[in-house]
1. Given the conditions (1) part of a helix (DSSP H, G or I); (2) touching a residue at least 60 places away in the same chain (Cβ under 8 Å); (3) not charged (D, E, K, R), which single one is not true for A124?
2. In this structure, does S45 turn out to be closer than 19 Å to E77 by Cβ, hydroxyl-bearing (S, T, Y) and either at pLDDT 95 or above or not in a helix (DSSP H, G or I) (or both)?
3. Quick check on the range 57-100: of everything there that is assigned to a strand (DSSP E or B) and of a type in the set (S, T, N, Q), which residue is surrounded by the most Cβ atoms within 10 Å (Cβ to Cβ)?
4. Answer yes if at least one residue in the range 45-55 is in contact with an Asp or Glu (Cβ under 9 Å, 6 or more places away or on another chain), in contact (Cβ under 8 Å) with a residue 24 or more places away in the chain and within 17 Å of R115 (Cα to Cα), and no otherwise.
5. Can you tell me which residue among F79, F114 is among the hydrophobic types (A, V, I, L, M, F, W, C) and touching a helix residue (DSSP H, G or I) at 6+ places or on another chain (Cβ under 8 Å)?
6. For the range 139-172, name all the residues that are of a type in the set (A, V, I, L, M), in contact with a helix residue (DSSP H, G or I) (Cβ under 7 Å, 6 or more places away or on another chain) and over 22 Å from T99 (Cβ atoms).
7. Among the listed residues V94, V78, V148, V118, which satisfies the condition of being in contact with a Phe, Trp or Tyr (Cβ under 7 Å, 6 or more places away or on another chain) and modelled with pLDDT of 95 or more?
8. Within the range 154-169, track down each residue that is loosely packed, with under 11 Cβ neighbours inside 10 Å and either part of a helix (DSSP H, G or I) or at pLDDT below 95 (or both).
Amino acid sequence: MVERSLSGVERILRDDEIIVSKTDLKGRITYCNDIFMHMAGYTESELLGQPHSIIRHPAMPRCAFKLVWDTVEAGREVFAYVVNRARNGDHYWVFAHLTPDFDDAGQIVGYHSFRRSVDRRALATVEPIYAALLAEEARHHDRKEGMVASTRMLLATLEEKGVTYDQFVLGL
């Protein structure tokens, strides 16, 4: 994928809007609602079949995505604050609720995500943590080592606060 530049402009998801998307097991988009398309700046045909990472913002630590994917692949829901990048380089923050989709036999067949507007006060806590995690990832020449190190850092931060990830996120 061609690297897109950042505009520095923030798009704001309204309180009455919900972004909805579904993916297959590989994270390829199988459904996206109109609000997703509007915020991301893509058409439906440009999004369907693409990896959900098409909207990944470079300010999102890789360890946060690893935690999210590990959780939903294990069959559990997860909540996360996420900054996304629109096609034109604008960014937008969301509070995401990600869950696995199960078939009648209880097997995971895909994932869906509902994203709402963020509590701006929560971002005052989230943004410095994400910046520190990104800095830790950048200290390592090997991307995998960087992600492992930032994951350790995130877990140490949660342990220091005496909370689980879910307790931390939902308590913001």
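The values are calculated or read from the model by the stated rules, or taken from the named source; none is laboratory data. The structure displayed is predicted, hence computed values, not measured ones. A quick note on method: Cβ atoms are made from the backbone with ideal geometry, for glycine too, and the neighbour counts reach across all protein chains shown.
1. (2)
2. Details: closer than 19 Å to E77 by Cβ: no; hydroxyl-bearing (S, T, Y): yes; either at pLDDT 95 or above or not in a helix (DSSP H, G or I) (or both): yes.
Judged against the criteria, S45 is not a match.
3. Initial filter on the range 57-100 (assigned to a strand (DSSP E or B)): 78-85, 91-100.
The next check asks that each one be of a type in the set (S, T, N, Q); those that pass are 84, 99.
Working: N84: 24, T99: 17.
If we take residues in the range 57-100 being assigned to a strand (DSSP E or B) and of a type in the set (S, T, N, Q), then N84 is surrounded by the most Cβ atoms within 10 Å (Cβ to Cβ).
4. yes
5. Details: F114 fails: touching a helix residue (DSSP H, G or I) at 6+ places or on another chain (Cβ under 8 Å).
None of the other options fit; the residue is F79.
6. Step one: of the range 139-172, the residues of a type in the set (A, V, I, L, M) are 147-149, 153-156, 158, 163, 169-170, 172.
Filter once more, so that each one left must be in contact with a helix residue (DSSP H, G or I) (Cβ under 7 Å, 6 or more places away or on another chain): 147, 149, 153-154, 158, 172.
M147, A149, M153, listed by residue number.
7. Working: V94 fails: in contact with a Phe, Trp or Tyr (Cβ under 7 Å, 6 or more places away or on another chain); V78 fails: in contact with a Phe, Trp or Tyr (Cβ under 7 Å, 6 or more places away or on another chain); V148 fails: in contact with a Phe, Trp or Tyr (Cβ under 7 Å, 6 or more places away or on another chain).
Just one listed residue meets the conditions, V118.
8. Restricting attention to the range 154-169, the residues satisfying the condition of being loosely packed, with under 11 Cβ neighbours inside 10 Å are 156, 159-160, 162.
Across the range 154-169, the qualifying residues are A156, E159, E160.
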